[in-house]
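Take a look at the structure set out below.
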Amino acid sequence: HFGIYCNFSAYVFLLMLYGLLLLLTFALQKLLGDIRVSNIRLSLTSLFFILIVIEFFLRFFDVNASYLERNTLCYERVFHKYKNSRYYIREPLMDVSYTTPEFSYYRKIYDNGFTQPMPLKEKKDNEFRILALGDSFTEGVGVPYDSSWARLLNKKLAEDYPDKQIYIFNAGVVSSDPVFQYVLLTEKFNNYNFDMVIVASNESDLMDITLRGGFERFQDDGTVTYRDRPNWEWIYGLSYMFRLVIINGLEYNPILLKEDEFSKKRIEALYTIFDADVKFYNYTKEHGQKLILLFHPSQSEVINPSYYLLEHVVRKLKKQYNDMHVLDLKDYYVNTLRMNLQNINDYYWKIDGHHNGKGYNAFAEGVRAYINNNRLIE
C-alpha cells in the first residue's frame, strides 16, 4: 500500500521531468529555430545524469532514510487510511508479512484488528487477566509471535502462579500511542474483566504525539483529525535529493518540523503522555483494576541517559501519586542487566532498533520481577 514511494520511483519521477523538459526544448526549437535551444537540451541531459548519480548515492548510503527505508521497505506517509478512526488497530483479517536485513516478520490479524482473538467476556474463577497496551514493541516487531514480551510474560507468570490461569491479551499495535490506547481500554476492552492493565510507553510515543496531537485529535463523528502535514511531503517521499535540501539545507527534521516548533511540540507531547497516564490511573482505580505504567528505553537512551526524555514523566508520576505503579525498565536494563555500549546489540536489532529475542525476554523478566516484588497477583 506504499504506492508511488516504492523502489525506483524517484528515478521515474526524474525521468518524467527530464522528458517534459526535453519536449519543451523541442517545441521552443521548432518555434524559434535557435541553435541555443540545442545547447540547453545538452545541458539538461548532463544535469539529469548528475541528478541520477546523486540520488543513487544518497539512497545507497541511506542519507536521511526513514525507518522503513532502512529496513529495505518503502517510504510511508505519516498517517495511513486505515488508522483514521478513533480505534487505532490493524486492518482486520489481514496478514502482516515483510523481511528486513535482520529478520522476517509475520503476524496474522484477527477480525478484531489484533494479533489474537478476543477473550470470552466471562472468565474462570481462577483466571487472572492482564491487558497489555503498547505499540510495535508490545506487538513484538522483530521476533515471532510467541517471543513478544507479552507472550513471554504470560509463560513466566504461569510458572510463578500455577494455581491461577494467567491470561495476557496483547493489544499492541504498530505506531499506536497512549492516547489511542486509552480509547481502546475504555471503549474496546471495558467489558472484558481485566484484573491488570499494563501500558508500555517509549520514545516513539513521544514522536507520534508530537505529530498527531493529544486528545483533541478525536472528533464528534468518530473520526480522527491529525495535525497538518506539509503539502510537499509527496516530493520528500520520492526524492532523497529533496530531503537533503529540506533537512540539511532548510533545517527541518525527519518528521518535517522546524527545530523550534519541534521542541515546543515535544514538550507538549510529554504533558500529553502524563495526562494520558493519569487518565489510565483514574479509570483503572474506578474499575478495580491494577495498573502498571511501564516505560522502556531505546538503544540510544540506554547508552546515553540524557536522551531519555520520558524520565521526566516517570519522575512526575512518582512524585504526585504514591500508590501508582510506575515501572522504568531503563533502571532494570542498566543497573541489573548491565546493558551498555559494548553489549547493546545483544538485546536490540542494530539497524531496526526493536528488541531481538534476548531483548524481549529481558523486557518480560523486568516486568515479571516488578509484579512479583510488589505482589500484584494474589
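The values are calculated or read from the model by the stated rules, or taken from the named source; none is laboratory data. This structure is a prediction, so every number in the text was calculated from the model and none was measured. Glycine also receives a Cβ, built like all others from the backbone with ideal geometry; neighbour counts cover every protein chain displayed. SASA here: full protein model, heavy atoms, side chains in, ligands and nucleic acids out. Shrake-Rupley method; radii C 1.70, N 1.55, O 1.52, S 1.80 Å.
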Among (1) open to solvent by 10 Å² or more (accessible area, probe 1.4 Å); (2) free of Cβ contacts under 8 Å to residues at least 40 places away in the same chain, Lys124 falls short only on (2)
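Each row is one residue, and each column tells you yes or no for (1) out of contact with any strand residue (DSSP E or B) (no Cβ under 7 Å at 6 or more places or on another chain); (2) part of a helix (DSSP H, G or I); (3) aromatic (Phe, Trp, Tyr).
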{"position": "Ile198", "(1), (2), (3)": "no, no, no"}
{"position": "Leu206", "(1), (2), (3)": "yes, yes, no"}
{"position": "Asn231", "(1), (2), (3)": "yes, no, no"}
{"position": "Trp234", "(1), (2), (3)": "yes, yes, yes"}
{"position": "Gly237", "(1), (2), (3)": "yes, yes, no"}
{"position": "Pro254", "(1), (2), (3)": "yes, no, no"}
{"position": "Asp275", "(1), (2), (3)": "yes, yes, no"}
{"position": "Phe280", "(1), (2), (3)": "no, yes, yes"}
{"position": "Lys285", "(1), (2), (3)": "yes, yes, no"}
Taking the range 144-191 and the residues there that are in a loop (DSSP other than H, G, I, E, B) and of a type in the set (Phe, Trp, Tyr), the one that is least open to solvent (accessible area, probe 1.4 Å) would be Phe189
Given the criteria modelled with pLDDT of 95 or more, touching a Phe, Trp or Tyr at 6+ places or on another chain (Cβ under 9 Å), buried (at least 19 other Cβ atoms within 10 Å of the Cβ) and under 16 Å from Ile198 (Cα atoms), does Leu291 qualify?
yes
What's the total number of residues in the range 213-223 that are in contact with a strand residue (DSSP E or B) (Cβ under 8 Å, 6 or more places away or on another chain) and either open to solvent by 70 Å² or more (accessible area, probe 1.4 Å) or at pLDDT 90 or above (or both)?
2
Test: residue in the range 369-378 that is over 30 Å from Glu69 (Cβ atoms) and at pLDDT below 95
yes
Applying the selection to the range 314-344, what residues are among the hydroxyl-bearing types (Ser, Thr, Tyr) and under 24 Å from the mean Cα position of the chain (by Cα)?
Tyr332, Tyr333
Subset of the range 333-343, residues touching a residue at least 24 places away in the same chain (Cβ under 8 Å) and more than 28 Å from Asn374 (Cα to Cα), comes to Leu341
Is it the case that Val143 is touching a Phe, Trp or Tyr at 6+ places or on another chain (Cβ under 7 Å), at negative phi and not small (Gly, Ala, Ser)?
yes
Out of Lys350, Lys316, Lys330, I need the residue that is in contact (Cβ under 8 Å) with a residue 12 or more places away in the chain, buried (at least 18 other Cβ atoms within 10 Å of the Cβ) and of a type in the set (Lys, Arg). Which one?
Lys330
Pairs under 6 Å by beta carbon, first residue over 16 Å from Gly357 (Cα atoms) in the range 101-112, partner among the charged types (D, E, K, R) and part of a loop (DSSP other than H, G, I, E, B), six or more apart or different chains?
Ile109/Arg90
